[in-house]
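The structure under discussion appears below in the form of structure tokens.
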Amino acid sequence: MMRISLVALAISAALASGCETTTQQGTVGVDRKQTMLVSEQEVEASAQKQYSQMMAEAQKKGALDKDAAQVQRVKAITSRLIPQTAVFRPDAQKWAWEVHVLSVSEVNAWCMPGGKMAMYTGLIEKLQATDDELAAVMGHEISHALREHSREAISRQMATQTAIGIAGALFGGGQLGQSLGNMVADVTLNLPNSRTNEQEADRIGVELAARAGYNPQAAIGLWQKMAKLSGAGQPPKWLSTHPSHEDRINDLQVYAQKVMPLYTAAKAGPNAGK
Ligand SMILES: [Zn+2]
């Protein structure tokens, strides 16, 4: 018991102080301190494993990268976004980035820790998404991964579990590895992000898109399209993990405007028209 209460004490001290931030500020200036109780390497290794399993499963069902043109389109967009992540964290250039298109009617897309992405055909087709809008979606997803919101959420879950006295299960060795994979998938694919996380992903997302030469204003239209689908009785799965908040559109308008010069510069640059 002594050990558990010491661990709990250390965790509450860490939570109270906040000890690191995962990204540099860029133009949009996100700088919130984050508390992490599990290593980046452990989370990424678990994500990688989960991702491989999910893609193998999709392949078995005949739902992996079915439409070559669609796959090429999504890859073209993510391959323009990925180099821009260096502004926020140079180490992300070394991530094993990967993207696949899954034939699933759900309106959804995600990016796991370490850059493992998926785009669902439901999102592309039901939203009739333009390239700028797909860049807005993936820019937002990539930003969650850059900020390591999943690792943060796992850390919070670990702290809560410790506080209610089941620390033994988490800190008892082998079980941590076992449950971590499920936790990574759960926090990335199923649990709603906080309003703070959403705002960070929105702001960094528009900067990534702008720097890649995609119109950052498209993020606004994207959320409006999502809301419209919701109103028509087809609530996008994406909205359950990325809950909307009332001033999202206002905030996006401010930040999309702020990064417009980056977009203009990118359009005038060597990649213009590509
Ligand atoms: Zn989000």
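One table, with the values for the structure above:
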{"quantity": "Residues satisfying the stated conditions in region 88-106, i.e. out of contact with any strand residue (DSSP E or B) (no Cβ under 6 Å at 6 or more places or on another chain) and surrounded by fewer than 20 Cβ atoms within 10 Å (Cβ to Cβ)", "calculated": "Arg89, Pro90, Asp91, Gln93, Lys94, Trp95, Ala96, Trp97, Ser103, Ser105"}
{"quantity": "Test for Met117: is it outside any strand (DSSP E or B), at pLDDT 95 or above, surrounded by 19 or more Cβ atoms within 10 Å (Cβ to Cβ) and not small (Gly, Ala, Ser)", "calculated": "no"}
{"quantity": "Filter result for the condition that a residue is more than 16 Å from the ligand (Cβ to nearest atom), in contact with a helix residue (DSSP H, G or I) (Cβ under 8 Å, 6 or more places away or on another chain) and over 21 Å from Glu125 (Cα atoms), over Gln253, Gln234, Gln257", "calculated": "Gln253"}
{"quantity": "Of residues in region 154-201 being within 15 Å of the ligand (Cβ to nearest atom) and among the small types (Gly, Ala, Ser), the one modelled with the highest pLDDT", "calculated": "Ala201"}
{"quantity": "Answer from Ile220, Ile204 - the residue that is touching a Phe, Trp or Tyr at 6+ places or on another chain (Cβ under 7 Å) and within 16 Å of the ligand (Cβ to nearest atom)", "calculated": "Ile204"}
{"quantity": "Residues that are away from the ligand (no atom under 16 Å from the Cβ) and of a type in the set (Ser, Thr, Tyr), drawn from region 94-151", "calculated": "Ser103, Ser105, Thr121, Thr130"}
{"quantity": "Residue within region 34-47 that is at positive phi and in contact (Cβ under 8 Å) with a residue 24 or more places away in the chain present", "calculated": "no"}
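The values are calculated or read from the model by the stated rules, or taken from the named source; none is laboratory data. If you're wondering where the values come from, they're calculated on a predicted model, not measured in any experiment. Please note: Cβ atoms are built from the backbone with ideal geometry, for glycine as well, and neighbour counts cover all protein chains shown.
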